[in-house]
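To start, the structure under review is shown below, and the notes come after it.
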């Protein structure tokens with residue numbers, strides 16, 4: 001089974017009723033022993049498109065309210081609005097009678113979407129600032145054995161050498177809070193579910209500036225899918241510009257190799273000390 005097929009299996013849902021689905025998180029898509037946020041987003045995207053009349057999520061927003069455990073959970077879908085060109089709904093991730101994620105989405109159909117296009121966002125110059133062969137495989141083993149999260153190991157990912165904070169020559173003084181990388185799930189061109197997963201694939205980019213900072217959970221994530229890619233390989237660029245009281249925003253852009261901007265995301269994350277709780 002290739003990487004693309006493996007991911008499709010990992011987001012399989014069991015229909016409990018017309019608007020309720022159950023699933024058991026796949027440990028291959030975990031951070032430590034917690035399901036990865038982009039993986040959960042993909043599961044919720046699949047639930048919403050299984051109920052709404054339109055097949056593609058073009059905008060999705062999720063609040064990670066509490067820890068999702070590595071055990072069975074349910075997704076409860078509510079239809080908010082339907083029309084000819086789009087539909088909206090929300091999903092509640094319920095586990096052990098507790099709400100852990102709250103999600104909303106706007107759906108449409110890329111096959112029939114038409115309208116004006118302009119103000120194109122082109123591939124960033126940093127992509128060609130060094131030869132592709134100098135990009136480094138995303139692997140933390142040189143930093144700490146066993147520290148590469150399982151969700152990172154399920155795809156091909158090579159990072160710009162200036163952004164490989166665990167294995168680089170430049171100092172933190174000149175480093176950006178940034179991460180640029182080539183991405184690919186071998187075996188297929190990314191669909192909307194894969195793009196949802198990749199929207200949260202980068203490590204916290206502030207680590208490229210300050211090094212390892214401990215646990216940095218995502219509190220809220222917005223993903224916009226602009227179009228479906230035409231190539232297997234993709235390029236992602238993520239950047240943070242400000243940290244305030246431990247909180248920062250991380251913006252990501254994803255292109256296919258034809259130069260089409262296929263997805264964007266913004267997440268709010270918090271740098272936590274080890275003794276702090278998510279609710280702090």
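The values are calculated or read from the model by the stated rules, or taken from the named source; none is laboratory data. Values in this document were obtained by computation on a predicted structure and should not be read as measured data. Here Cβ is always computed from backbone atoms with ideal geometry, including for glycine, and neighbour counts include all displayed protein chains.
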Go through the range 1-53 and count every residue that is surrounded by fewer than 24 Cβ atoms within 10 Å (Cβ to Cβ) and assigned to a loop (DSSP other than H, G, I, E, B). 18
Take the range 98-133 and flag every residue that is surrounded by 12 or more Cβ atoms within 10 Å (Cβ to Cβ), out of contact with any helix residue (DSSP H, G or I) (no Cβ under 9 Å at 6 or more places or on another chain), modelled with pLDDT of 85 or more and in a loop (DSSP other than H, G, I, E, B). 109, 123, 124
If we scan the range 241-250, do we find a residue that is part of a strand (DSSP E or B), surrounded by 12 or more Cβ atoms within 10 Å (Cβ to Cβ), touching a helix residue (DSSP H, G or I) at 6+ places or on another chain (Cβ under 8 Å) and at pLDDT 95 or above? no
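Within the range 187-231, how many residues are assigned to a loop (DSSP other than H, G, I, E, B) and more than 19 Å from residue 148 (Cα to Cα)?
So the answer is 11.
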What pairs come out if I take residues in the range 23-42 that are at positive phi and pair them with residues that are not in a loop (DSSP other than H, G, I, E, B) whose C-beta lies under 9 Å away, six or more apart or interchain? 32/150
